[in-house]
Amino acid sequence: MKTIRIPARSMYYGTPVALVCMQNSDGSDNLTPMSSSWSIRDFLVLGLGSASQAMENLRHRPRLTVNLPSAEMWESIERIAAFTGRNPVPDYKAAQFSYCRDKFEVAGLTRLTSTEGGPSRVAECPIQIEAVVNTMTDVSDDPEGFSVIIAKAIVLHAAVGIINETSSQINPAKWDPLVFSYGTYHGLGPELGRMARSVRS
């Protein structure tokens with residue numbers, strides 16, 4: 001296979017979109033879309049801008065909900081992609097971002113009360129994870145650094161329609177996550193195969 005070198009600044013090679021909700025200092029919700037996340041067992045690893053309102057909130061109030069939208073929800077995510085909960089908007093963001101206090105409203109999404117006392121869940125998302133921050137690590141990177149957050153999942157909520165009828169597990173054939181890849185939104189194609197070994201639980 002022949003290859004060429006390309007800039008590696010933004011390697012969004014295909015990861016699920018998440019809507020992360022945190023609480024502002026006045027108790028209101030701050031909802032932020034992100035595509036830098038992965039999970040291992042019952043931990044989530046998230047990447048957020050260090051100077052973002054999301055990080056400001058998590059440093060003081062470490063509870064969060066991580067809501068996973070289905071592919072059909074991409075337009076709701078795109079409606080809030082150019083908004084920030086930071087007021088005033090930082091200079092380096094001002095050319096592309098505007099302040100928005102209520103991103104739920106702009107996205108046309110519904111708040112759902114958390115069962116564990118944290119910020120709201122997104123009712124339309126088929127998977128909703130209530131979590132608490134375990135560790136945060138800041139990484140320097142101009143013009144805004146980023147932070148790597150490891151959060152412990154407290155409870156996982158899943159829509160009945162994506163649950164396997166014979167178990168309490170999510171059926172991957174019924175779950176179509178929204179994937180962000182190099183500036184574009186995608187769903188999943190048909191199943192290609194299954195891993196032979198069992199996933200560690």
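The values are calculated or read from the model by the stated rules, or taken from the named source; none is laboratory data. This is a predicted model, so every value here is computed, not measured. Neighbour counts run over all protein chains shown; Cβ positions are idealised from the backbone, glycine included. Heads up: the accessible areas ignore ligands, DNA and RNA and are worked out on the full protein's heavy atoms, side chains in. Shrake-Rupley method; radii C 1.70, N 1.55, O 1.52, S 1.80 Å.
Determine whether residue 87 is more than 16 Å from residue 47 (Cα to Cα), touching a Phe, Trp or Tyr at 6+ places or on another chain (Cβ under 8 Å) and of a type in the set (S, T, N, Q). Yes: the conditions hold for residue 87. You will find that of 150, 129, the residue that is within 14 Å of the chain's Cα centre (by Cα), under 19 Å from residue 34 (Cβ atoms) and open to solvent by 50 Å² or more (accessible area, probe 1.4 Å) is 150 and no other. Taking first residues from segment 118-137 that are at positive phi and partners that are assigned to a strand (DSSP E or B), no Cβ contact under 7 Å between residues at least 6 apart in sequence or on separate chains turns up.
Among the residues here, residue 52 does not qualify as crowded, with 17+ Cβ neighbours inside 10 Å, out of contact with any helix residue (DSSP H, G or I) (no Cβ under 7 Å at 6 or more places or on another chain) and within 22 Å of residue 177 (Cβ to Cβ). Residues considered: 116, 124. Of these, the only one that is open to solvent by 60 Å² or more (accessible area, probe 1.4 Å) and touching a strand residue (DSSP E or B) at 6+ places or on another chain (Cβ under 7 Å) is 116. Of the residues in segment 106-127, at least one is assigned to a helix (DSSP H, G or I) and either at pLDDT 90 or above or within 20 Å of residue 12 (Cβ to Cβ) (or both). Residues of segment 77-101 that are in contact with a helix residue (DSSP H, G or I) (Cβ under 6 Å, 6 or more places away or on another chain), open to solvent by less than 20 Å² (accessible area, probe 1.4 Å) and in a helix (DSSP H, G or I): 80 alone.
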